[in-house]
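Notes to accompany the following structure.
The values are calculated or read from the model by the stated rules, or taken from the named source; none is laboratory data. In this text the structure is predicted, and so the values were computed from the model without any measurement. Cβ placement follows ideal geometry from the backbone for every residue including glycine, while neighbour counts extend to all protein chains displayed.
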Amino acid sequence: MRELVLHIGMHKTGSTSIQQTFKEYNQNGIKYADLGEPNHSIPLYTAFSEDPYNYHIHLNRGRTHREIDQFRDDALDRLRTQLAADDYRRLIVSGEDISLFSRQALGRFLDFVSPYFDNIVVIAYVREPLGFSSSLFQQYVKSGSADYSIPAPEYRSRFEKFFDALGRERVIFRNFAENALPNGSVVQDFAAQVGIPADSYSEKRANVSLPEEVVKLLHLFNRRGSLSLGGEHLAKARQSMVHVLSQMFTSRFLIPREICLAHLDYRDLQWMEKVSGFSLTPSIDGNQNGQWASLKDYLESIPDEVLVPLRNYLADRGSLVMKSDDAVTLLNKLYYLFLLGKPVDENDAFAIRDIALKLERHLDFKLEDARALMHIAHKIRPFGPFIKRKLEEYDRRLKAGENERSKAKEDSVSTDRAPSLVDR
């Protein structure tokens with residue numbers, strides 16, 4: 001009998017630790033699927049979702065449609081190879097974004113994998129709503145979000161489709177609460193659920209949480225700082241910046257409890273508690289003093305002392321730090337330090353400008369990349385007339401492209417509609 005174990009998260013429940021621990025596991029008839037990377041979310045979402053081109057991972061990395069198509073083909077080839085292999089009786093597939101599949105995408109996925117298995121079991125770890133919202137919000141900020149919305153668990157939307165597709169009895173819920181896990185470890189709990197012996201693996205814990213100060217600084221940078229997404233070179237510099245900032249602080253980020261509770265969907269929470277059989281009463285930790293009127297109010301409260309280690313870091317590495325530099329200016333200088341590999345000065349504006357201009361003549365020219373670089377040059381030299389004109393030109397061209405795509409979509413909808421009585 002061959003069985004597929006489908007681990008679907010949910011998000012922010014230690015999935016990275018599970019994936020890093022078991023990524024090369026193939027013992028005792030149990031195998032962790034090799035789809036090119038430990039987190040199977042990206043290959044599977046690309047392969048089966050309706051619109052992989054707008055998947056945030058591909059957008060942030062600046063991938064073209066052709067690159068995404070190739071990524072999808074490679075993912076399907078890898079998946080076929082893993083499914084057809086004869087070196088296991090139980091295969092583990094793990095990806096949090098599987099829980100975000102539409103019903104149609106889930107159907108396509110199950111149609112693809114079902115012929116290879118006698119049974120499919122789904123494992124989902126469920127987190128109480130306040131901890132979930134705080135953890136996912138900081139992940140969104142880390143990825144570039146400038147939004148003030150509090151992410152909701154949306155339990156029913158995530159899980160009910162699996163009941164309909166496979167039956168309730170094939171979906172196993174586990175409580176992601178420290179006191180409900182063996183030794184507080186989601187890795188050990190998962191191993192026990194799928195039958196992996198404790199002496200056959202070495203646990204790896206991946207802690208990717210951001211301190212409170214870093215979430216606030218990054219959110220500010222996302223709103224008002226330099227463009228740091230849309231290309232691999234930009235994303236790598238951003239990752240380095242996030243890493244350095246995270247070393248400066250140790251506090252824990254939690255959205256103030258009273259703000260979270262005001263946005264909590266209690267009907268959704270009650271549904272989850274009913275189908276899972278365990279309580280998800282919101283945790284009592286977090287900021288309890290009630291001084292924040294909104295999430296915006298809380299995020300924008302950045303005391304001056306928070307900037308001290310940032311100023312010191314930049315000064316120690318040769319950056320010119322002025323007393324008048326505000327938080328956004330300091331964050332831009334930190335970002336440029338990693339993007340350019342040295343402290344930024346006005347001459348760099350011309351170098352970056354010239355790279356952007358060369359991109360226009362490249363065979364694989366992407367207007368978004370040229371615009372991103374010209375935007376950085378403009379930040380360094382805001383009064384340079386040529387740079388300013390060129391940036392305005394890129395913005396006009398990008399807007400024109402968006403308008404054309406929007407019109408094409410409207411035309412397509414109009415063409416595809418059912419004929420009216422007049423048409424007949």
Which numbered condition GLU404 fails, given (1) at pLDDT 75 or above; (2) surrounded by fewer than 14 Cβ atoms within 10 Å (Cβ to Cβ): (1)
Leading residue by the ranking (modelled with the lowest pLDDT) among those in the stretch 249-293 that are within 28 Å of PHE163 (Cα to Cα) and β-branched (Val, Ile, Thr): THR281
Selection from the stretch 171-216 of residues that are closer than 20 Å to ASN26 by Cα, surrounded by fewer than 17 Cβ atoms within 10 Å (Cβ to Cβ) and aliphatic (A, V, I, L, M): ALA192, ALA198
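Yes/no per residue for (1) in a helix (DSSP H, G or I); (2) closer than 19 Å to GLY62 by Cβ; (3) out of contact with any Phe, Trp or Tyr (no Cβ under 8 Å at 6 or more places or on another chain); (4) of a type outside the set (Phe, Trp, Tyr):
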| position | (1), (2), (3), (4) |
| --- | --- |
| GLN188 | yes, no, yes, yes |
| ILE196 | no, no, no, yes |
| VAL214 | yes, no, no, yes |
| LEU220 | yes, no, yes, yes |
| SER228 | no, yes, no, yes |
| HIS233 | yes, yes, yes, yes |
| ARG238 | yes, yes, no, yes |
| VAL242 | yes, yes, yes, yes |
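If you go through the stretch 74-90 one residue at a time, do you hit one that is within 26 Å of HIS233 (Cβ to Cβ), at pLDDT 95 or above and out of contact with any helix residue (DSSP H, G or I) (no Cβ under 6 Å at 6 or more places or on another chain)?
If we filter the stretch 74-90 for residues that are within 26 Å of HIS233 (Cβ to Cβ), which is where we start, we get 74-75.
From what's left, at pLDDT 95 or above: 74-75.
Okay, now just the ones that are also out of contact with any helix residue (DSSP H, G or I) (no Cβ under 6 Å at 6 or more places or on another chain), so 74.
Among the residues of the stretch 74-90, at least one is within 26 Å of HIS233 (Cβ to Cβ), at pLDDT 95 or above and out of contact with any helix residue (DSSP H, G or I) (no Cβ under 6 Å at 6 or more places or on another chain), which makes the answer yes.
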Every residue from the stretch 193-224 that is closer than 28 Å to ILE255 by Cβ and free of Cβ contacts under 8 Å to residues at least 12 places away in the same chain: ASN207
Residue tally, condition without any contact (Cβ under 8 Å) to a residue 40 or more places away in the chain, in contact with a helix residue (DSSP H, G or I) (Cβ under 8 Å, 6 or more places away or on another chain) and assigned to a helix (DSSP H, G or I), over the stretch 56-66: 3
Selected residue (criterion: surrounded by the fewest Cβ atoms within 10 Å (Cβ to Cβ)) from residues of the stretch 1-55 that are without any contact (Cβ under 8 Å) to a residue 24 or more places away in the chain and part of a helix (DSSP H, G or I): ASN54
Unmet requirement for TYR125, which otherwise passes all of (1) outside any strand (DSSP E or B); (2) at pLDDT 95 or above; (3) among the aromatic types (Phe, Trp, Tyr): (1)
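Residues checked against (1) of a type in the set (D, E, K, R); (2) buried (at least 17 other Cβ atoms within 10 Å of the Cβ); (3) assigned by TED's automatic domain parsing to the domain that holds TYR55; (4) under 23 Å from the mean Cα position of the chain (by Cα):
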| site | (1), (2), (3), (4) |
| --- | --- |
| GLN239 | no, no, no, yes |
| LEU269 | no, yes, no, no |
| LYS274 | yes, no, no, no |
| LEU280 | no, yes, no, no |
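For the stretch 216-235, give me each residue that is modelled with pLDDT under 80, farther than 15 Å from TYR140 by Cβ and in contact with a helix residue (DSSP H, G or I) (Cβ under 9 Å, 6 or more places away or on another chain). Outline the logic, then answer.
Let us first name the residues in the stretch 216-235 that are modelled with pLDDT under 80, namely 226-233.
The next check asks that each one be farther than 15 Å from TYR140 by Cβ; those that pass are 226-227, 230-233.
Once the filter is applied, which keeps residues that are modelled with pLDDT under 80, farther than 15 Å from TYR140 by Cβ and in contact with a helix residue (DSSP H, G or I) (Cβ under 9 Å, 6 or more places away or on another chain), the stretch 216-235 yields SER226, LEU227, GLY230, GLY231, HIS233.
Just for the stretch 1-56: of the residues that are basic (Lys, Arg) and over 26 Å from GLY107 (Cβ atoms), which one is farthest from the chain's Cα centre (by Cα)?
Taking the stretch 1-56 first, the residues basic (Lys, Arg) are 2, 12, 23, 31.
Those left that are additionally over 26 Å from GLY107 (Cβ atoms): 12, 23.
Numbers: LYS12: 11, LYS23: 20 Å.
Residue satisfying both the conditions and the ranking: LYS23.
Hey, does the stretch 384-392 have a residue that's outside any helix (DSSP H, G or I), at negative phi and modelled with pLDDT of 75 or more? First the steps, then the outcome.
If we filter the stretch 384-392 for residues that are outside any helix (DSSP H, G or I), which is where we start, we get 384.
Those still in the list that are at negative phi too: 384.
Keeping just the survivors that are modelled with pLDDT of 75 or more gives 384.
Yes, there is a match, as at least one residue in the stretch 384-392 is outside any helix (DSSP H, G or I), at negative phi and modelled with pLDDT of 75 or more.
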